[in-house]
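Please treat every number below as a calculation from the coordinates, not as lab data. None of these values were measured; they are calculated from a predicted model. Every residue, glycine as well, gets a Cβ built from its backbone with ideal geometry; the counts of neighbours run over all protein chains shown.
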Amino acid sequence: MKKIIILLLLFSSKIHAQKPLTAILGAFSDEIQLLEDSLQNKQIVNLKGIRFLTGELRGHSVVVALTGVGKVNAAMTTSMLLMNWQPQQLIFTGIAGGVNQDIQPGDIVIAKFSIQHDFGKIDSTGMMLWQTFNPTQKARNPLYFPADSVLLMKAQKVSGRTKYRTVLGRNVKVMTGIVATGDVFVNSNQKVKQLRTQLKADAAEMEGAAVAQVCYQLKMPCLIIRSISDNANAKAHLDMNTFASIAAYNSASLVLGILEEL
C-alpha cells in the first residue's frame, strides 16, 4: 500500500510539474500589483528570501515574482524561477524612461530587442559596448537580444484592445522598439541623446536585457514590456514619482491581455 501511495504522489507531482506555466517578473511592487490583485488560487512560496506567487491569471497557470532593482537581482531571481518551475515562457513587466522623443508617460514599448548599455570597455575615446559571454557555449551572445517572436506577435495583437490608464486625457501609444538596460537610473539629457543616437534605443531601464540574457542562454522564450514613467531627462526623478503607478498599471494590463491570447 505504501508503494502505491508513493507512486501516486510521484505521478501527481510529475503531472503538476508538466502543466504549462508562464513566468511573470517585475522589479518592484507597483509593477506587479495589478497581477497580484488579479491572481486566483494564490499560493506563496519563499525561496532564499524571495517571494514567488503561484496561481492562475486569465485561466493560465503562472508564477509571479519581484526581482528587485538592477541587473544582478533580476538575473538571480530569473535563474531561481527557471530552475524551480521550468515555465514555458517568461514576461518581464514594468516601467522605463522614454528615450524616443515620440513617446510620453503612460505609453508602452514592447521590446523587439534589448541591449545592455553599460557592458563593455571605457577608454579615452569613450564607451565601447561588448557582447556578453555565454560561459556554457564559450561564445558571445548577440549584442541585441531578440524577443520571442510568438510572444511579440501576441503582444502586438492585443495591444490595441487593452484598457490602459491615460495621462492628461491622451491616448496611450504602444510601439515595438529597443530597450536599453544598465545599472543606472538615467536622469540626464546628455545620456538620453547618447542612447538614442548610438543604440537607437526607445526606452531605458535597469533589468530587461539581463533577464533576456539569462533566457537566451537557457533557451527560454522571453518578452520585455515597459511603460514610460518619465523621459529619462533632467526631470526624470520628478516625473517618475508622478507617473510610475500609471505606467506600471499599463504594462501589467498588457501582460493580462497577452495571457488571454496564449
Review point. So which residues in the range 168-188 are outside any loop (DSSP other than H, G, I, E, B) and touching a His at 6+ places or on another chain (Cβ under 9 Å), if there are any at all?
Key: A180, T181
Practice item. Could you grab me the full set of residues in the range 209-262 that are closer than 15 Å to A155 by Cβ, over 11 Å from the mean Cα position of the chain (by Cα) and either in a helix (DSSP H, G or I) or among the small types (G, A, S) (or both)? Key: N250, S253, L254, L256, G257, I258, L259, E260, E261
